[in-house]
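Down below is the structure, laid out as structure tokens.
Just so you know, all these numbers are worked out from the coordinates, no wet-lab data involved. Just so you know, these numbers come straight off a predicted model, no measurement behind them. Ideal geometry is used to build each Cβ from the backbone, glycine not excepted, and the neighbour counts take in all protein chains shown.
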């Protein structure tokens, strides 16, 4: 197997990983929708006594949302770092020394199986 094939396998694996992440995010959307419905129905002035308690409950809810966003951001930053390492420039001016010149929009140098019209 040559370097180009290995490179394409790494890109395919990254694409599959991104797909799996999208499935996890879809599941989180369903969970968040259920949470939103429950919060809107149960977290209100009638159920929470006192200003301090209201602020504590609201803070806990917001903290969990911020933790989720932080986790997703860290995951995507790690994937971005890996992609930059794969597509990084070598002194020869080509990505990973594979002859991938950056004359095309994505820097794949014609390795993608698209024709001139952009179709497979």
Exercise. What are the residue pairs meeting all of these: first residue in the stretch 26-43, first residue without any contact (Cβ under 8 Å) to a residue 24 or more places away in the chain, second residue assigned to a helix (DSSP H, G or I), Cβ atoms under 7 Å, and 6 or more apart or on different chains?
Worked result: 39/61; 43/57
Problem set entry | Total residues in the stretch 1-56, condition part of a loop (DSSP other than H, G, I, E, B) and closer than 30 Å to residue 85 by Cα | 2
